[in-house]
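The next block holds one structure in the form of structure tokens; read it before the comments.
The values are calculated or read from the model by the stated rules, or taken from the named source; none is laboratory data. Worth saying up front: this structure is predicted, and the values here are computed from it rather than measured. Here the Cβ is made from the backbone with ideal geometry for all residues, glycine too, and neighbour counts use every protein chain on show. Remember, those area values only see protein heavy atoms, side chains included, never the ligands or the DNA or RNA. Shrake-Rupley method; radii C 1.70, N 1.55, O 1.52, S 1.80 Å.
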Amino acid sequence: MRILPSFFTLNFFLLCLSSFLFFSSFNMIIPELPSYLSSLGGAEYKGLIISLFTLSAGLSRPFSGKLADKIGRIPVMIFGASVCFIAGLLYPILSFVGGFLFLRFLHGFSTGFTPTGISAYVADIIPFQKRGEAMGIQSLFSSLGMAAGPAIGGWVATIWPIEFLFYSSAFTSILSILIVIRLKETLPNKEPLTLGLFKLKKDEIIEKRVILPSIVLFLCVFSFGTILTIIPDFSTHLGIENKGLFFAVFTISSLGIRLLAGRTSDRFGRVPVLRVASLLMVFAMITIAFATQQKTLMISGVLFGSAVGMYSPTVAAWVIDLSRDQFRGRALATMYIALEAGIGVGAIVSGSLFSNRAENFQLVFLTAAAFASLSFLILMFSKKEGKLISLH
């Protein structure tokens, strides 16, 4: 009988549950946003649905990283979830194109803060030799939220008005907050919140020690931005009624492999696991590009989910490995800046290439495959400890 490691504490599982609810909250509305924006008269702005969200998330990362290192992990998590709550309540009120785009920008601050606090909290309570496994477990709950959110959101939208979906998103974020406030802060020697903490110096924006894994992440998640932006329309093109189905398939397929990937990276290194993940991403995007029926699209969803399940906890563990304890929040914020930038650029480029023309679907997904190929090439010239051979 396997004995659970010591990091399986109540706090750890509460954090995982809160993470599940948080990711469910803002993901449940994603499949319906393209058609909702079209109903408002803004079909040509579909590429901004994700890019505005990721832009504000990226802009807020340096602040969330600094605040997580200064005032604590928990306040940062609570603030992000609170933004989800406010945005969910405002979508039905600001029901015009300009208001909607403003809310997408506002909503992005949620993921600019909460995931930074979550990752830093996990890193504080997990021993070095178990980081990959722990990040795999935590990301497992996040992925469950990403799977449950779109699936539930797609179901809700078929039964109730869209306003009910937005309110459901807000309510879910409140549940996430109620759990977080019960956790014990892990940051020693906290500072009080002051205006001075919002003044960033040049060396407080990017943690140079984690640039390499951040670049790899950027190139991988370009495909994620493409998926979030184009798959709802592509699903409709293939005759799939529930536009959240692909999201559910790829997220569920990533669940089990996250634990395996985390443990494997703890044993054999982060870079070897990421090489396999980037190759899977290439194959996934090529398969989607040539999909002509639902079955093929779902198979590509499994490949895509496997790639995401491998690189997500592995990159996070790699970043924590390279970071200094006192700058852990900054390092994780740098990683998330790359994450949001990759998703945002992927959304903008894919939306521009697509231009609401079905004949452009293949070009969009092959472009994403090219970005993933570049990440594989970089990793092939990397040593296991994560330093480029050319830099030695």
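Results, tabulated for the structure shown:
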read-out: Principal axis dimensions, region 224-336 - Cα atoms, whole angstrom, descending; value: 51, 26, 20
read-out: Label-point gap, in nm, between LEU363 and ILE159 - each point 7 angstrom along Cα→Cβ; value: 4.2
read-out: Solvent-free Debye scattering, log10 I(q)/I(0), computed from the Cα coordinates of region 257-392 at q = 0.10, 0.17, 0.20 Å⁻¹; value: -0.38, -1.00, -1.25
read-out: J(HN,Hα) series, region 19-29, from Karplus relation 6.51 cos²θ - 1.76 cosθ + 1.60, nearest Hz, glycine and proline x; value: 4, 4, 5, 4, 5, 5, 4, 8, 7, 5, 9
read-out: Overall dimensions of region 158-217 by Cα: Rg and Dmax, Å; value: 19.3, 50
read-out: R0 of 56 Å, Cβ-Cβ distance SER352-GLU185: FRET efficiency to nearest 0.05; value: 0.80
read-out: Span from the region 103-119 Cα centroid across to the region 341-374 one, whole angstrom; value: 24
read-out: At R0 = 35 Å, FRET efficiency that the Cβ-Cβ distance of ASP325 and ILE174 yields, to 0.05; value: 0.60
read-out: Förster-model FRET efficiency, 45 Å R0, LEU260 and LEU94, C-beta, rounded to 0.05; value: 0.55
read-out: Value of Rg to Rh for region 257-323 (Rh from inverse mean 1/r over Cα pairs, i.e. Kirkwood); value: 1.08
read-out: Interatomic Cα distance distribution for region 305-376, bins of 5 angstrom, percent; value: 3, 14, 18, 21, 16, 12, 8, 5, 3, 1, 0
read-out: Radius of gyration and Dmax over the Cα atoms of region 105-234, both given in Å; value: 18.1, 51
read-out: For region 68-107, convex hull of alpha carbons as volume per residue, Å³; value: 52
read-out: In Hz, Karplus ³J(HN,Hα) per residue of region 233-249 (6.51, -1.76, 1.60; θ = phi - 60°; x = Gly, Pro); value: 5, 5, 4, 4, 4, 8, x, 8, 6, 7, 6, x, 4, 4, 4, 5, 5
read-out: Rg in Å to one decimal, and Dmax rounded to a whole Å, for region 198-253 via C-alpha atoms; value: 17.5, 51
read-out: Lys/Arg +1, Asp/Glu -1 at C-beta; the chain dipole; positive extreme among ILE159, ILE230, VAL83; value: VAL83
read-out: Heavy-atom accessible area per residue - the chain, 1.4 Å, Å²; value: 41
read-out: For the chain, the longest site-free run once GluC sites (Glu not before Pro) in DSSP loop states with at most 16 other Cβ atoms within 10 Å are removed; value: 1-184
read-out: Euclidean distance of C-alpha centroids, region 139-161 and region 220-238, integer Å; value: 16
read-out: Proportion of all alpha-carbon pairs of the chain beyond 31 Å (%); value: 31
read-out: Kirkwood hydrodynamic radius of region 1-91, from inverse mean 1/r over distinct Cα pairs, in Å; value: 15.9
